[in-house]
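Structure record follows, encoded as structure tokens.
The values are calculated or read from the model by the stated rules, or taken from the named source; none is laboratory data. Just so it is clear, the structure is predicted and the values come from calculations on it, not from any experiment. Positions of Cβ are generated from backbone atoms using ideal geometry, with glycine treated the same way; all protein chains shown enter the neighbour counts. These accessible areas exclude ligands, DNA and RNA; they are computed on the full protein's heavy atoms, side chains included. Shrake-Rupley method; radii C 1.70, N 1.55, O 1.52, S 1.80 Å.
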Amino acid sequence: MLIDLYGGRNLNDPTRIEAALRDAAEEAGATVLTVSLHHFSPEGVTGVAILAESHMSIHTWPDAGYAAIDVFMCGECDPNATLPALKRHFEPRDVKTAEHLRGAVA
């Protein structure tokens, strides 16, 4: 699942971003193995949550209120279930999502 958040808040706060990724993964039924984030100067954060079921990544542009989040999960996890946690943490004005099913047999 590809998630674009517009008009968001807390996009320059690595602590809040890590909490958002952890909460979103948990709500989707995934197991977080580790989270690694890099905080750019003067602003912006990029990072990844490594999951037992794959990964989630985030790239933020706080000056634009924009974040791009990729959710890659397998098994019984539900990528759609990440949305409530992401909305709670980032309070976006608008959210756009797109799904791409990988490895599906044509």
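Computed values, structure above
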{"read-out": "Radius of gyration, Dmax [the chain; alpha carbons; angstrom]", "value": "13.1, 45"}
{"read-out": "Most mobile of Pro79, Pro92, Pro42 in a GNM of the chain (Cα contacts under 10 Å)", "value": "Pro42"}
{"read-out": "Rounded accessible area of Arg88 (nearest 10 Å², 1.4 Å probe)", "value": "120"}
{"read-out": "Max mean-square fluctuation residue, GNM over the chain, Cα-Cα springs under 10 Å, options Glu76, Glu53, Glu18", "value": "Glu76"}
{"read-out": "Directionally averaged projected area (convex hull, Cα atoms, the range 1-58), nm²", "value": "4.0"}
{"read-out": "Efficiency of FRET from Cβ geometry, Thr34 and Tyr6, R₀ 35 Å, rounded to 0.05", "value": "0.75"}
{"read-out": "Where labels lie 7 Å past Cα in the beta-carbon direction, separation of Cys74 and Glu91 in nm", "value": "3.9"}
